[in-house]
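We did not get these values from a lab; they are worked out from the coordinates using the rules stated. Being a predicted model, the structure only gives us computed values, none of them experimental. So basically every Cβ, Gly included, is an ideal-geometry build from the backbone, and we count neighbours across all protein chains shown.
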Amino acid sequence: MAEAFAYLGQSFSIICQPINLLIMFGGVIFGVIMGALPGISATMAVIFCLTFTYSMDPVMGITFLCAVNCSAVTGGGITAILFNIPGTPASAVTTFDGSPMVKRGEVGRALSLDLFSSAIGNLVGAVIMFFCTAPLMVAALRFGASEMCMIVLMGLSVIIFLDESNILLTIASGLIGLWISTIGQDPMTGQARYTFGSSFLLAGVDMLPFMIGMFALTELYSEFLTPEKTKLGKMDPRKVTKLTNFKEMFSMRWLLLRDSILGTVVGILPGAGSTIASFLSYSMETRISKHPKDFGTGIPEGIAASETANNAAAAGMMIPLVAMGIPGGTSAAMMSIALNIQGVKVGPLLLKTQPLYLYSVVAGMLFASIAMVFVSILIAKVFARVLCLPYRYLAAMILTLAIVGCYAKNGRINDVYIMLGAGVLGILCKRCHFNNSAIVLGLVLGNLFEVNLRRTLNLATDGLLPYLMHRPITIVLLVTVAAIFFFAIRKANRKKADSGGVI
Amino acid sequence: MAEFIICGLLALFFLVMLIAGYVTTAVFLGDESVRLYPSVLLLAIILCLVLHCVQLWKKLPSEEKKRSIADIFRLKDRQTHIFLLTIVVTILYFLLLDTLSFVLLTPFICLYYIMMLGETSWLKGIVTSILITAAVYCVFIYGLHIRLPRGTGIIRELTMKLEFLFG
C-alpha cells in the first residue's frame, strides 16, 4: 500500500506543475461543457482531446484524459436540468427532480447540486478504485445473467414509485417502454422484430433521441397547448444564481456515500453502466427516504442520488478496464483505446508492469473531482443565467439543440424523426396520465433486461427452480424485488381504499 | 372521455402489434423467446389498458359519453389549432432538413416558435433566430467538426463552402 501511495504522489507531483495544472483545469472545463452539449458524449470528448495528449508526458496524458472523461460524464446533467434534455441516458433520472426545481427558479441550486454530487460520486469511485480494485473484481465475476436480470429488475422497480396514485397506467407505461426496446434486431438471434420491412427501424429505437423527444419536446409542445404554464424566463436573477451550500450537501452525506458505493459497484458489473446505476440509486432512495412522495417534485436528494451514482459508476467502469482489460461501457472502451495510445497496457499485468500508469488513472479521477468543485461554482452561475432569457427564445434554443443533439450522435436524419415521434407520443401520454419517465425507464433498461432474462432461461436447462437454487445472490435479489413490488402495490391499494377508489 | 378513447385506441394498436409481430417475426433455431418475450409484454400492456378503460367507463358521467368528438378533443379551441399547426410545421421542417440544409431552414423554424410563443417584434424574432442558428452552427461545425444536414444540389455546394470557410 505504501508503494501505491508513492505512485499516487508521483502522479500528483507531475499534475501539480503550473502548466500541467492549467491544462488539467482546461480539460475539466472542456469536459463539462462537452458533456453539457446534447449528442456529445464523454466518448466524443475523449476523442476530441486525444490529439492534445500526443505531445504530453504519458502520466500527464493519462490523467488529462481521465479528467476529461469524468467531467464530461458530469456535464450530461447540465442540459438535463436546464432544458429537460438529458445529455446522456444516465442523466434521464436527473430530469425527474432537476426540471421541477428549475421551474421553481432554483436553477443555480439544482446545477450546483448536480455538479457537487457528481464530484463526490467521482471522488468516492476513485477512492474505491484505489483501495479495492482486486476484491471488487472477484465479487463482480460472480454476477451472471440471472443476477444481472434481477439488478435490472430492481432498477425497473422505480416505476411503481414514479406515480403512486396511478399505478396501473405507470406499470403500463413501463411495459410500453420495454416493448419499444424490442423494436429492431433481436439482440440474441438477430431476427427483425416489429420492423415490417423497414430498414430504418432495424437499428431499433435509439435511446437518446427518444428521451430528448419525450422530455424536451413534450415540455415544448405543452407550452403551445397551455401557454404561460412555465415560469422560465421570468425568474429573479438573484434566486436563479443562488447555489447550494455546504450545510445542504452535508445533510445528504449518507445519501451521497451510499449512492457512490452503489454506483461504483454497479459500474464494475459488465454491461450495467451509469444508466442503471442512476435508476437504481433513485429507486433505492425513494424507498429509504422519510419523504418518498416528494421525489419527482424537485428535491435535492433526487438530483444528488442520480448524479452521484451516475458518476461513481463511470469511475467504477474503470476498475474492470484497468484490472482485467474489460471495458464496462462505450466510454470505458474509448478510454481503453486512449490509454493504449499512451502506452498503457490495461489488464491483469498493469499493476505489476506499469503501476505508475495505474495510479495516474486514479490521480486523474481524483483531480477531476477536486477541480470540479471549483469549476462547478463558475459554470453553474454562468449556465443558470441562460434561464433568465424569455421562454420564447429558450424554446427556439431547446428545439435547435434537440435537433442537433439527435443528429450529431449518429449523423442520421432518422433519429430526428424518432425524436419527433417520441415528442408526439409524449404529449399524448402526458394528457392521458401515462408516465413518460416510466416509458423512458423501460426503454433504457429493456434491452439489458431481455438479454439477461432470456440467457437465464436458456441456461436453466433443467428448469428454472433447480437453476436458481444454485444462485443464492439471484434468490436474495428476487425476494427483494418481489418485496418492493408487493409493499408498493399494497401501500397504493390502501391509499386508494382510504380515498374510496381502486388502483 | 378523451383519455378513454386514446387508451382504447392504444389497446387496439397494441393488439394489432401483438398479432402482426407474432406472425412476422421469424424464429431462429427453434428459439421461440424471440417473439414470446415481446408478446408477453404486449399482452400485459393490453390488459392494463383494458382494465383502465373499464375503470374510466364506470366513472364517466352519462352526459360526458354523449359529447361529440370535436368537443372531447377541443378541436375548435385556438390553442389546439396552434399545437396541431406546430406539429405540422415541425414535421415539414424535419422532412425538408435533408434537402434544404440545417443552416438555411433552422432560422425559419426558430422564428416560427419565437413568434408563436409571444414575441411581438418581428425584427427581434428574426435577429434572435439567426443568432441561435449561427451560434449552434459555429459550435458544432467549426468548433467540433460535426456534420449537420447539408442539403442537396446547389444548397449542398453552398453549405460545404460555408463549412470550409475557415479551413
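Couple of notes before you dig in:
- Distance in nm between pseudo-label sites at A:Thr353 and A:Leu465 (7 Å out along the Cβ direction from Cα): 5.1 nm
- For the residues of B:130-143, the average number of beta carbons from a partner chain within 10 Å of their own beta carbon is 3.
- Summed over qualifying helices (DSSP H, 4 residues or more, each -39500 (n - 2.57)) and divided by its residue number, chain A shows a 222 nm mean residue ellipticity of -24000 deg cm²/dmol.
- For chain B, the longest principal axis of the alpha carbon atoms and the long axis of helix B:102-116 meet at an angle near 60°.
- Footprinting exposure proxy for A:Met1, A:Met60 (fewest neighbouring C-beta atoms within 10 Å first): A:Met1, A:Met60
- Remark: A:Ser289, B:Ser62, A:Ser157, A:Ser274 ranked as B:Ser62, A:Ser289, A:Ser157, A:Ser274, counting other beta-carbon atoms within 10 Å and listing the fewest first.
- Average partner coverage of B:41-49, which counts Cβ from other chains inside 10 Å: 6
- Helix B:33-59 and the longest principal axis of the C-alpha atoms of chain B enclose an angle of approximately 70°.
- Full-extension gain in nm, B:Leu43 to B:Phe13, via 0.36 nm per residue minus C-alpha separation: 9.6 nm
- Placing +1 on the Cβ of every Lys and Arg and -1 on the Cβ of every Asp and Glu, with nothing else charged, gives the stretch B:2-72 a dipole about its Cα centre of roughly 240 debye.
- Charging the Cβ of each Asp and Glu at -1 and of each Lys and Arg at +1, and nothing else, the dipole of chain A about its Cα centre rounds to 840 debye.
- Debye, to nearest 20: dipole size of the stretch B:78-163, +1 on Lys, Arg Cβ, -1 on Asp, Glu Cβ: 20 debye
- Linear extension gain, B:Val127 paired with B:Glu163, 0.36 nm per residue minus alpha-carbon span: 10.8 nm
- The packing ranking, built from the mean of other Cβ atoms within 10 Å per residue, places the peptides A:448-455, A:415-422, A:396-403 in the order A:396-403, A:415-422, A:448-455, highest first.
- Unit charges at the beta carbon, dipole of the protein assembly as shown: most positive-side option, A:Cys149, A:Gln17, B:Gly118: B:Gly118
- With a simple spin-label model that places each label point 7 Å from the Cα along the Cα-to-Cβ direction, the separation between A:Arg412 and A:Val476 comes to 4.1 nm.
- Projecting the alpha carbon convex hull of the stretch B:2-72 along each direction and taking the average yields 5.3 nm².
- Selected from B:Phe140, A:Leu220, A:Ile176, residue furthest toward positive end of dipole (the protein assembly as shown; charges at beta carbon): A:Leu220
- Pairs from the table (A:Lys409/B:Lys161; A:Lys103/A:Lys409; A:Lys290/A:Lys491) lying more than 18 angstrom apart at Cα are A:Lys409/B:Lys161; A:Lys103/A:Lys409.
- Each of B:Leu43, B:Val54, B:Val23 was placed along the dipole of the stretch B:2-72 (beta-carbon charges, centred on the mean Cα), and the one lying farthest toward the positive end is B:Val54.
- Volume per residue for chain B equals 214 cubic angstrom (convex hull of Cα atoms).
- Between A:Lys293 and A:Gln191, the C-beta separation translates, for a Förster distance of 51 Å, into a calculated FRET efficiency of about 0.75.
- Rounded to the nearest 10 degrees, the inclination of helix B:78-100 to the longest alpha-carbon principal axis of chain B is 60 degrees.
- Exposure proxy ranking, count of Cβ atoms within 10 Å, fewest first, for B:Glu119, A:Glu3, B:Glu157, A:Glu285: A:Glu3, B:Glu157, B:Glu119, A:Glu285
- For the peptides A:370-381, B:130-141, A:169-180, A:201-212, residues were scored by their other Cβ atoms within 10 Å and the scores averaged per peptide; the highest-first order is A:169-180, A:201-212, A:370-381, B:130-141.
- Within a Gaussian network of chain B (alpha carbon springs, distance under 10 Å), most fluctuating of B:Thr90, B:Thr128, B:Thr25: B:Thr25
- Quotient of Cα Rg and 2.2 N^0.38 Å for chain A, N being how many residues it contains: 0.94
- FRET E, pair B:Ala2, A:Glu3, Förster distance 51 Å, beta-carbon r, rounded to 0.05: 0.15
- Number of partner chain Cβ atoms within 10 Å, mean per residue of A:438-450: 1
- Taking 23 Å as the limit for the C-alpha separation, the pairs A:Lys293/A:Lys495; A:Lys242/A:Lys293; A:Lys495/B:Lys58 exceed it in the case of A:Lys242/A:Lys293.
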